[in-house]
1. How charged is the neighbourhood of S434? Take every other residue with its Cβ under 12 Å from the Cβ of S434, and add Lys/Arg as +1 and Asp/Glu as -1.
2. Cβ neighbours within 10 Å, averaged per peptide: list 367-373, 314-320, 186-192 in order, most packed at the top.
3. For an R0 of 30 angstrom, estimate the FRET efficiency from the Cβ-Cβ distance between Y187 and A209 and round to the nearest 0.05.
4. Once you put a point 7 Å from the Cα of T240 and another 7 Å from the Cα of Q328, both along the Cβ direction, what distance in nm separates them?
5. What's the FRET efficiency of K269 with K142 using the Cβ-Cβ distance as r and R₀ = 41 Å, to the nearest 0.05?
6. Can you list the residues, at least 5 places off or on another chain, whose amide H is less than 5 Å from the amide H of I339, using H built in the peptide plane?
7. If you roll a 1.4 Å probe over the heavy atoms of the protein chains, what accessible area per residue do you get for the chain, in Å²?
8. Grab the Cα-Cα distance for A453 and K75, subtract it from 0.36 nm times how many residues apart they are, and report the gain in nm with one decimal.
Amino acid sequence: MKARARWLSAWLALALVLSACAGGATPASTPAQAPGAPSTPVAAPAPGGQQKIVIRLWGHQNNSFNKAHRDIIDKFMKDNPNVEVKFETFPWDVFIQTIQTALPSGNVADVIEMPGGMALRFIKGGQLLEVPSEIMTLERAKELYYEAPLGGYVYQGKLYGLPIEYNLEYGGAYVNREMFEAAGLPYPPQWKTWEDVVAYAKKLTKFDATGAMEVAGLHYTNNDQLYTYFLSGILEQGGTYFAEDGRHFKFNTPEAVAVIRKMVEMAQKDKVVDPVTYNAESNWVGAAFAQKLTAIAVLGSWFAGEARITYPDLKFDYVRLPPFMGPQYKFTSVSGWGIVVTKYTKHPDIAWKLAAALSADPENALHFNITTGTIPALKQVANDPRLHQAHPFMKDLLELLPYGVFQGDVTDPHQLEFDIVYPNIIQAIQGMISPEEAAQRIHEEANAMVDSAGK
């Protein structure tokens, strides 16, 4: 979902900020404050003259996410007239900084839309409340939610939050019918192997008279995708990326090198993408696809909801990709966006009531997943015909979901992805270092991250 301004690119982040500033706010929304700034929201009187209970909710700025949340918040406040929800949103980088600084200090919202994989850090720090049993037990949650998105909110057999989406950055690609038909390729594609995908991509790639790439046949060089396919590719070969102690990593393995080498060959040998021109900072995959600078865009399903708002005239389909490194799917997920309640709330009962409305009510969850185009964390919603009618591609992705696993406690998922895995792999794809060097660097830097974090 899994929404993600740095993951999107600076260009899209700016577009979202400008869009948010241009309008669309509801009475449930307020501008975000600077990280760590004190807040003393003034509540309007409730019916009967009593002061309303104010609950602050923090989220990130994403058009489709924000719209879905506001709809649910409006419904919640109508059903609970004694409650006022202050919904504050932040650009991605500011949001991450705000969470990291405000949660330890205690100057924080009651409820937070937590990025996938980040909750464990604050659960271990004692800053998040355990989900009350009357809201959801862990046993019940395991029945209702898919394993991969739920895993990021479970620690030592206790539940500390509920996911609102299944972060699926693996297994799907956006395709452009017009570009396929112009190249004389069948549409929609029915790929059985990644060799089939690359063969199509070669025919879709275009160069100008100087040899510069005009259209990338296959854009996969985004940070989310390189990170997710790297971890997943290791698992699909029967390997593991954790050391025996379960905390440290082993990334200097034949399986890790094989994944990076395949990524390198698609750019250097097959030439389906120019990794200098197309990467997380330049021609970000979603923007490139919208501008017809790529015909096959490997990206999470969440972009579908965002694209319908940001690019209303864009025509596209989302299709399933084959397993990347083996005959059977096995992929990692950073969990998914979810809802948590901070220990600093003065109204935990109301805060959890709002959290449950955002994450555990099937009808609200259906509305959220339809609006955002994200894969549901709730099994019931994933199998709902109304979801498939709104997003036909969802039905095709359903069989992938049981093969997803939570990536595990990787100490700092943001640092591991953005500062360690992505920079080294993109350098290898660009021809600056070898696959073996990239794997060794990732191995050393990831373990240094673990050591610096302590026990």
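The values are calculated or read from the model by the stated rules, or taken from the named source; none is laboratory data. As the structure is a prediction and not an experimental result, all values here were calculated from the model. Here Cβ is always computed from backbone atoms with ideal geometry, including for glycine, and neighbour counts include all displayed protein chains. For the accessible areas, the whole protein counts, side chains as well, though only heavy atoms, and no ligand, DNA or RNA atoms are used. Shrake-Rupley method; radii C 1.70, N 1.55, O 1.52, S 1.80 Å.
1. Its environment carries a net charge of 0.
2. Working: 367-373: 24.9, 314-320: 16.6, 186-192: 12.9.
Output ranking for 367-373, 314-320, 186-192: 367-373, 314-320, 186-192.
3. The pair Y187/A209 has a calculated efficiency of 0.60.
4. Going from the T240 label point to the Q328 one covers 1.7 nm.
5. 0.40
6. Here M114, L162, I164 satisfy the definition.
7. That works out to 39 Å² for each residue.
8. 131.9 nm
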